[in-house]
Amino acid sequence: MPDVHAQSNSRATHASHSGEMVLARLPEISGGAQLLRVVAGRQDAELIGGATRDLLLARTPKELDVVVESGAELLAQELAAALADAGASSDAGLQRGAHERFETAFVSWREGRIDITTRRGESYPSPGSLPDVRAGSPDDDLRRRDFTVNAIAVGLAGPRRAQLRSAPHSLEDLEAGRLRILHERSFLDDPTRLLRLARYSARLGFEPEQRTAQLAAEALRAGALGSVSPARIGAELRLALREEDPVGSLVALAELGVLGALDPPLSFSEQLARGGLAALPADGRSDPLLLASLLVSLDPGDGAAREAATKAFLDRLEFAASDRERATRAALRAPALVAALAAARSPSQLRRSVRGEPLEAIALAAAMDELQPPAPAASAARRWLDELRHVRLQVTGDDLLSAGVAPGPEVGRLLDALLDMVLDGKLGDSREAQLQAALGART
Ligand code: CTP
C-alpha cells in the first residue's frame, strides 16, 4: 500500500490556496452554505471525493461528499434542519436517510444531495465482492478510493480548515488530467472501477495513466467483470447512460474493452447512437434509445428467442421493467421498421408502418438507415417524427356521435380513414369538410 501523506512543505502554499479556493466556491453549490454553517463547530469534517475534485477543477459537483470521524447521522439531521430553515421543504423533496452498519447518512433535496460517510478502511474478502468495512484512519479513508483525483480531502472547519490531504500524485494527476488507481489490485478488488474509469475519462476528458491503462486491460483479459454481480455492472451502465455526454461514455467503455467483455459481449457504433439521438424528438427518451443501440449488436437469432435473451440480459443487469421493454422493443423492431418505412409510398402508409411503435424504435430505424445512404427510410422516419405525427383532425369521436354516427367500432374506423385522407392531402383542415367526409364514408 502506498503511504498517504499530508501535503509536503513544498506544496503547502499551493495546497492551502487550493483548499481556500474549494471553500470559497462551496457556497455557490446548493447546500454548500448550510454545510459550512453546520460543521462550523466540528474539527473532523472534510469535503472529499468528486466534490473536492470538481471544485478544484472549477466544475459544479452533482453532490457533496463529506467524511467525519463519527456522528454521520446526527450531521445529516442537522443539515436537514438547516436546509429546511433555508427553504428546502418536503415539497422540495427534502429527504434524509442513514445506513447504520456502514455509518453513512445522506440528505437530498430537489437541487442537491450531501452524502456523509464515517472514515473507514476497506478490504475485499474476494475479488469483485463488496468490501468488508472497518473504522479507519483519515489515511485509510483516502487509500480505499478508486482514483487519485478522487482521493483529495479539504478540512471544512476548525484547525484543519482549508487544509488539503491527498493520496500520492493526486494533485499532479488532477492538474495533468490523469486517472490513476491507488494500488495494483484496485480493478481486481472492485471491477466496477473499470466502468468508472471510462465514465470519468469521458466526462473530465482525462487520460488513464499508463500503468492504470495496463492494469485495466489485464483485469479485463482476466475476466474481472465476471466476478462482480451483474446488478452492479448494470448500475454503472445506467450512470454512463445518464452522463451529460452519454455517447462519449459509451465510446470510452467500448474503447477500453468493457462492452466487449460483458456477457454476452456488446459492441457500440457511435454513428448509430448519435444518429438515433439526432432523430429522437424531445418527447422521446435517450437512455432506452442508447441502450437499444447497444442491444442491436447482440447475436441475431429467431425473433422470440432473441427477445427473451435480450430481456433476460437486461433483467440480470437490473434495468427497470419500463426501460427494459422500451429498449428491447426499439432494438428488435428497428431493423424491420427500416424496410417498412422505405416501402411507404404515402403519408398514410407511413403512419401504418410506424403505428404503435415507440419513438425510440423509429429514431433508431432512421439512424440504422442513415448508415447506408441514400437512406429513404431515414427521411420517412424524420418526416413522421418531426411533422406528420403531430397532424390532428378538427373533429372528434363525440362530434361524429352528435352527427348521428352509431356508437361502436365505426367511430374509430371513420376517424382513422379521415386522418389518412388529411395526411395524404385528400381532405382539408376545415371541421365542416371533415364532418361531411366522415358522414359520406359511413357504411
Ligand atoms: N468510490 C470508490 N470506488 C467505487 C465507488 C466509489 O473508491 N467503486 C469512492 C471514490 O473515492 C468516490 C467516492 O467513493 O469519489 C464517492 O463515490 P461516487 O459518489 O460514486 O462518486 P463521486 O466521487 O461523487 O463522483 P461523481 O462525480 O461521479 O458522483
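Throughout, read-outs are computed from the coordinates displayed, never taken from laboratory work. No experiment lies behind these values; they were computed from the predicted model shown. A quick note on method: Cβ atoms are made from the backbone with ideal geometry, for glycine too, and the neighbour counts reach across all protein chains shown.
If I take every Cα pair under 8 Å that is 6 or more residues apart in the stretch 397-440, average their sequence separation and divide by the length, what percent do I get for the relative contact order?
39
Taking loop as defined by DSSP and a crowding limit of 14 other beta carbons within 10 Å, which trypsin sites (Lys or Arg not before Pro) in the stretch 341-395 fit?
Hits after loop and neighbour filter: R345, R355, R392.
Each residue of the stretch 195-212 in turn: what ³J(HN,Hα) in whole Hz from Karplus with 6.51, -1.76, 1.60 and θ = phi - 60°, glycine and Pro shown as x?
Computed from phi, the couplings for the stretch 195-212 are 6, 5, 4, 5, 4, 5, 5, 6, 5, 8, x, 8, 9, x, 5, 3, 5, 5 Hz.
Using the Karplus curve 6.51 cos²θ - 1.76 cosθ + 1.60 with θ = phi - 60°, work out ³J(HN,Hα) for each residue of the stretch 115-128 in order, rounded to whole Hz, and write x for Gly and Pro.
With coefficients 6.51, -1.76 and 1.60, one gets 9, 10, 10, 8, 3, 8, x, 10, 9, 9, x, 8, x, x Hz.
Helix 321-343 sits at what angle to the longest principal axis of the chain, using alpha carbons and giving 0 to 90 degrees rounded to 10?
With rounding to tens, the tilt is 40 degrees.
Compute the relative contact order of the chain as a whole-number percentage, counting only Cα pairs closer than 8 Å that sit 6 or more residues apart in sequence.
Computed value for the chain: 10 percent relative contact order.
List the GluC sites (Glu not before Pro) within the stretch 14-108 that DSSP assigns to loop and that have no more than 10 neighbouring Cβ atoms inside 10 Å.
On the way: sites: E20, E28, E46, E63, E69, E73, E78, E100, E103; in loops: E63, E69, E100, E103.
Listed in order of number, the matching sites are E100.
Among rounded, prolate and oblate, which fits the chain when a ≥ b ≥ c are the square roots of the eigenvalues of its C-alpha gyration tensor, a/c under 1.5 means rounded, and a/b larger than b/c means prolate?
Values: a/c = 2.82, a/b = 1.93, b/c = 1.46.
Prolate shape, in that a/c is at least 1.5 and a/b is the bigger ratio.
Considering the chain as a Gaussian network with a 10 Å cut-off on Cα pairs, which listed residue, A327, A261, A40, attains the greatest mean-square fluctuation?
The residue that fluctuates most here is A40.
Can you list the residues, at least 5 places off or on another chain, whose amide H is less than 5 Å from the amide H of R113, using H built in the peptide plane?
L64
From the square roots a ≥ b ≥ c of the eigenvalues of the alpha-carbon gyration tensor of the stretch 397-440, which class results: rounded (a/c under 1.5), prolate (a/b over b/c), or oblate?
Oblate, because a/c is 1.5 or more while a/b does not exceed b/c.
Amide H neighbours of L179 under 5 Å, counting only residues 5+ apart in sequence or on other chains, H built in-plane at 1.01 Å?
Amide H to amide H, under 5 Å and 5 or more residues apart or across chains, L179 pairs with E207, E209.
Sort the stretch 42-106 into rounded, prolate or oblate with this rule: let a ≥ b ≥ c be the square roots of the eigenvalues of the Cα gyration tensor; rounded if a/c is under 1.5, and if a/c is not under 1.5, prolate when a/b is larger than b/c, oblate otherwise.
oblate
Which loop-located GluC sites (Glu not before Pro) does the stretch 196-254 contain, where loop means any DSSP state but H, G, I, E or B and the Cβ has at most 15 other Cβ atoms within 10 Å?
For GluC sites (Glu not before Pro) across the stretch 196-254 that sit outside H, G, I, E and B with at most 15 neighbouring Cβ atoms in 10 Å, the list reads E244.
Given R₀ = 45 Å, FRET efficiency for R345-S229 by Cβ-Cβ distance, to 0.05?
The calculated FRET efficiency here is 0.35.
What ranking do 414-426, 285-297 get when scored by the average of other Cβ atoms within 10 Å per residue, highest first?
For the peptides 414-426, 285-297, the packing ranking is 285-297, 414-426.
Relative to the longest principal axis of the chain, what angle (0 to 90°, nearest 10) does the C-alpha long axis of helix 246-256 take?
With both axes taken from Cα atoms, the answer is about 60 degrees.
Would you mind ranking S353, S379, S402 by Cβ crowding within 10 Å, fewest neighbours first?
S402, S379, S353
Which of L401, L194, L35 moves most in a GNM of the chain, Cα contacts under 10 Å?
Result: L401 has the largest fluctuation of those listed.
Please list 3J(HN,Hα) in residue order for the stretch 436-443, calculated via the Karplus relation 6.51 cos²θ - 1.76 cosθ + 1.60 where θ = phi - 60°; whole Hz, with x for glycine and proline.
My calculation for the stretch 436-443 gives 4, 4, 5, 5, x, 8, 4, 8 Hz in order.
Once the Cβ-Cβ distance between A305 and R185 is put in as r, and R0 is 35 Å, what FRET efficiency do you end up with, to the nearest 0.05?
Using R0 = 35 Å, I get an efficiency of 0.30.
Can you give me the Cα centroid spacing of the stretch 73-113 and the stretch 365-439 in angstrom?
Here the two parts' Cα centres lie 50 Å apart.
What is the set of long-range amide H partners of S297 at a cut-off below 5 Å, with H atoms built 1.01 Å from backbone N?
Those qualifying (amide H under 5 Å, at least 5 residues apart or on another chain) are S267.
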